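Some notes on the structure that comes next.
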Amino acid sequence: MEFDLGYLLQQLPALRAGLLLTVEASGIAILLSLALGLLGASLRVLRVPVLSQAVAFYVEFIRNTPLLVQLFFVFFGLPVIGVTLSLFWSGVLALVLWAGAFQVENIRGGLLAVSPGLREAARALGLGRAQYLLLVGLPLAVRIGLPAMLNTGVSLIKNSAYLSAIGVQEFSGVAFDRIASDFRAFEMLAVLLVGYLAVVLSLSAGVRLLEHRLQAPFRR
Amino acid sequence: MSLILENLPLFFIGLKSTLLLAAVTLAAATLIGVFFGTLGSLKPRWLRALVALYVETFRDIPLIVTIFAIFFGAPFLGMPLEPFPAVALGLSLWGGANAAEIVRGGIASVASGQAEAATALGLRLWQIYLLVLWPQALRAVLPAYTGLLALIIQSTSLGALVGVTEFLKAGGLVIERSTVMLGINPAFEIYSFVLLVYFLLCSILTTLSRRLERRLASSGQRPVAARDALQL
């Protein structure tokens, strides 16, 4: 079987719609997972009783279970106990829960890297712990942890392909559907290869560039 | 709970398949990883570029796409693959890319004076690797490698999508069966159980990984950071 460019061009609109859905799901999930990460990392660093331990357990649990099973749990399991979400939002929720755990650790790592002198200075200026976190700690932690946070975001975009497993018609979902219905594997696999490599490589390169820029003040 | 107990034999079959898949993948990924990781530690630029191409390709393409591409693409090349070997191949190529990155980091972590001293003593290149670099790199890669095994075990769950009866698929079968035969939907209960088993299995490994990392760090050698070398 040979490569049929005409067929590929014909499928472009469907693939573009899939790519848009990938971007949409990933975009929402990245923002929500960052919010979850900020909240979780703050609870951990402020050592809020019970909640801090709960966040620590959540992080361990997510990191030690497969994303695919988490996705199945959200999509097939939660409706049984009355939490019914649409296909799209089930997928987004699973991605948020998954990436959120990594963002908690990224941001917590950033917070722990802020020099203790700043914390003492904030204390001396009369800032409370929550004020220190909001005004001093988190802004600096985000700067320190930004490359790691963005890398998790890139991983999330890549792993949004998992949503095709529950039938979300995102980029890879569309391509797999076409392979099954039209028996044309090469064209679709080539698109997936090029598509994901282009997105992931360009974003990772962007992250590296940003990392370099962010370190500029600390370079001699 | 009784549903889980009644279906323990099926879960056990699934778990065996999961562990077998993980073991095969670990072995193949190690071979690939040592080969490419070593190539990547050699001088020639083009060799490094070649290794980087392999590593980046399989780490940047979603693993689910790699596995589907192999399973659904193989028949088009005239050599259809059974689900198990297709998944094992996909996992090995991805695991091998991660392993290569770990091995390369491990070799780089050995002080450069070691290789120089070995050269000065007249050892050949293969002797330098076999007798000096690999043994020392082994210590540095252990923590990250243990972490990789946990990731591999998690990733074997993708086998469920193409028809390997591994642990996740076993759970799916139990749910299907009870829905058809008993008219109940135990998805919440069963998938909770499946999550829990993966959690127990993998957290043992990640805890071990962290302990190894700490111990190595206190002995003065810098371990390969699992965080940088592994990519989900």
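The values are calculated or read from the model by the stated rules, or taken from the named source; none is laboratory data. Keep in mind it's a predicted model, so treat the numbers as computed, not measured. Backbone-built Cβ (ideal geometry, glycine too); neighbour counts: all protein chains shown.
So that you can scan it fast, the table gives a plain yes or no per residue for (1) assigned to a loop (DSSP other than H, G, I, E, B); (2) in contact (Cβ under 8 Å) with a residue 24 or more places away in the chain; (3) closer than 23 Å to B:GLY106 by Cα; (4) away from chain A (no Cβ under 12 Å):
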residue	(1), (2), (3), (4)
B:GLY183	yes, no, no, yes
B:LEU201	no, yes, no, no
B:THR207	no, no, yes, no
B:LEU212	no, yes, yes, yes
B:PRO223	yes, yes, yes, yes
*Checking B:PHE167 against (1) farther than 24 Å from B:TYR191 by Cα; (2) touching a residue at least 40 places away in the same chain (Cβ under 8 Å); (3) in contact with a Gly (Cβ under 7 Å, 6 or more places away or on another chain), which test does it fail?*
(1)
*Can you name the condition, by its number, that B:PRO80 falls short on among (1) under 21 Å from B:VAL24 (Cβ atoms); (2) in a helix (DSSP H, G or I)?*
(2)
*Hey, does region A:145-158 have a residue that's away from chain B (no Cβ under 14 Å), exposed (fewer than 15 other Cβ atoms within 10 Å of the Cβ) and either touching a residue at least 12 places away in the same chain (Cβ under 8 Å) or under 25 Å from the mean Cα position of the chain (by Cα) (or both)?*
no
*So A:ILE30 clears everything in (1) more than 30 Å from B:VAL194 (Cα to Cα); (2) buried (at least 19 other Cβ atoms within 10 Å of the Cβ) except one condition, right? Which one?*
(1)
*Quick one: count up the residues across region A:24-70 that are over 22 Å from A:PRO139 (Cβ atoms), more than 10 Å from chain B (Cβ to nearest Cβ) and either in contact (Cβ under 8 Å) with a residue 60 or more places away in the chain or assigned to a loop (DSSP other than H, G, I, E, B) (or both).*
6
*Using the structure shown, decide if B:THR66 is crowded, with 18+ Cβ neighbours inside 10 Å, assigned to a helix (DSSP H, G or I), away from chain A (no Cβ under 14 Å) and among the hydroxyl-bearing types (Ser, Thr, Tyr).*
no
_region A:185-200 residues that are more than 9 Å from chain B (Cβ to nearest Cβ) and closer than 15 Å to A:PHE3 by Cα, paired with ones that are modelled with pLDDT under 90 and not in a helix (DSSP H, G or I) (beta carbon under 8 Å, 6 or more apart)_ = A:GLU187/A:PHE3; A:GLU187/A:ASP4; A:ALA190/A:PHE3
*For residues in region B:139-166 being away from chain A (no Cβ under 11 Å), aliphatic (A, V, I, L, M) and in a helix (DSSP H, G or I), which is farthest from the chain's Cα centre (by Cα)?*
B:ALA140
